[in-house]
1. With label points built 7 Å along Cα→Cβ from the Cα atoms of M324 and E181, find their separation and express it in nm.
2. Name the trypsin sites (Lys or Arg not before Pro) in the stretch 197-290 that are in a loop by DSSP and that have at most 15 other C-beta atoms within 10 Å, would you?
3. Note down the net charge around D296, summing +1 for each Lys or Arg and -1 for each Asp or Glu among other residues with Cβ under 11 Å from its Cβ.
4. When a/c reaches 1.5 or more, the comparison of a/b and b/c decides; with that in mind, is the stretch 237-347 rounded, prolate or oblate per its Cα gyration tensor?
5. Restricting things to alpha carbons, tell me how big the stretch 178-308 is in terms of Rg and Dmax, in Å.
6. Can you list the GluC sites (Glu not before Pro) in the stretch 29-71 that are in a DSSP coil and have 10 or fewer other beta carbons within 10 angstrom?
7. For R165 and N228 in the same chain, what is the full-extension length gain: residue separation times 0.36 nm, less their Cα-Cα distance, in nm?
Amino acid sequence: MKYLKTIILLFLISVPIMPVGAVAAPKTIINEKDGAEMILIPAGEFTMGSKELYNDERPPHQVFLGDFYIDKYEVTNAQYKKFVQETAYRIPSNRTDPEYDLWKQDGVFAKDDLNDPGLVQKLLDAKIIIKYNGGVISAYFNKEIRYEEQLKKRLREAGVKEAERVLALWRTSHYGAFPAEIARQPVVNVAWDDAVAYCNWAGKRLPTEAEWEKAARGTDQRRYPWGNENPDEERAHFAKQWEGVKNTYRDVASLDKGASPYGVFQLAGNVCEWVADWYDPHYYKNSPPQNPVGPDKGNYRVVRGGCYMSPAFYLRCSDRDFDMPDDRNNRLGFRCARGAETRLSSG
């Protein structure tokens, strides 16, 4: 009997006691603003970093994180478009090469669409369009002519007889257009500030580097989100080349065999993901043991996860990459996080 009582006492001591009236955070939630499903990553310790390959992953060290939620999927083009429409924020565009742009500018017209020198000159003179990227002619809509009625008025004032033709072209690409096939693919060509702006709009934030790594590898020090088996095409989208706007990326909800131990998708491959931290190759040597948030300053921001063109070893959970915060390229996307503080019931 004494032995049994001892076992019961030890069990009770080991069970966390929640405050009276406290409500445990649900395992999944839907973020109201952007409709994203978010997964709870429970509080606790995990091993961050590794001894393999790169010095900036060393030393492996124990980190304690509080509860937090992270998006189950990378932010999609469809979600980002809602943000753009509500805020008039700039659309994603590649910083160095428009070949890799997936979205069009507001009312971007190809040369063939406006194959009338007289019409082109009239629209240029009225500043309804501007020359764009050396040959493409772009409809330029500022906030005053954002909407169709204002644009109609501008076309009438400019004496444009082909107004209906211009409007028809504009309607197909108003406020950032992209092929329907990529709506559920991850948004790319976004800078770090763009990702932060989206997160703020959605009532969330970027995950810290530590949060991202725990969401990817759990507590068993696995090499990849799915375990220690080498990557393959059923688990990750990697080691590929650019195949055009529609075929380069995978749907964010695909590749379920590559999900992390918490059920988070595509933390390896498809697109690299911005996280909150500044990058410091030596940070792990002095990283605090609880809820680290990275250095106070730096020149680069941390990027995690590898992308569609990455070799397999860049898909490891512990692999660290970095980029200039203002870079916008076709390998960079992101997902959001938010805290999961214990809430008190209203009853």
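1. 3.3
2. Details: sites: K204, R205, K214, R217, R222, R223, R235, K240, K246, R250, K257, K285; in loops: K204, R222, R223, R235, K240, K246, R250.
Sites meeting the loop and neighbour criteria: K246.
3. Working: positive: K297; negative: D277, D280.
With Lys, Arg at +1 and Asp, Glu at -1, the net is -1.
4. On the way: a/c = 1.94, a/b = 1.24, b/c = 1.57.
Taking the square roots of the gyration eigenvalues as a ≥ b ≥ c, the stretch 237-347 is oblate.
5. Gyration radius and largest Cα-Cα distance of the stretch 178-308: 15.6, 47 Å.
6. Taking the stretch 29-71 and a limit of 10 other Cβ atoms within 10 Å, the loop GluC sites (Glu not before Pro) found are E32.
7. Working: separation 63, 0.36 × 63 = 22.68 nm, distance 5.71 nm.
Length difference between fully extended and current span is 17.0 nm.
Each reported figure results from applying straightforward, stated rules to the coordinates on display, with no laboratory input. Computed from a predicted structure; not experimentally measured. Neighbour counts run over all protein chains shown; Cβ positions are idealised from the backbone, glycine included.
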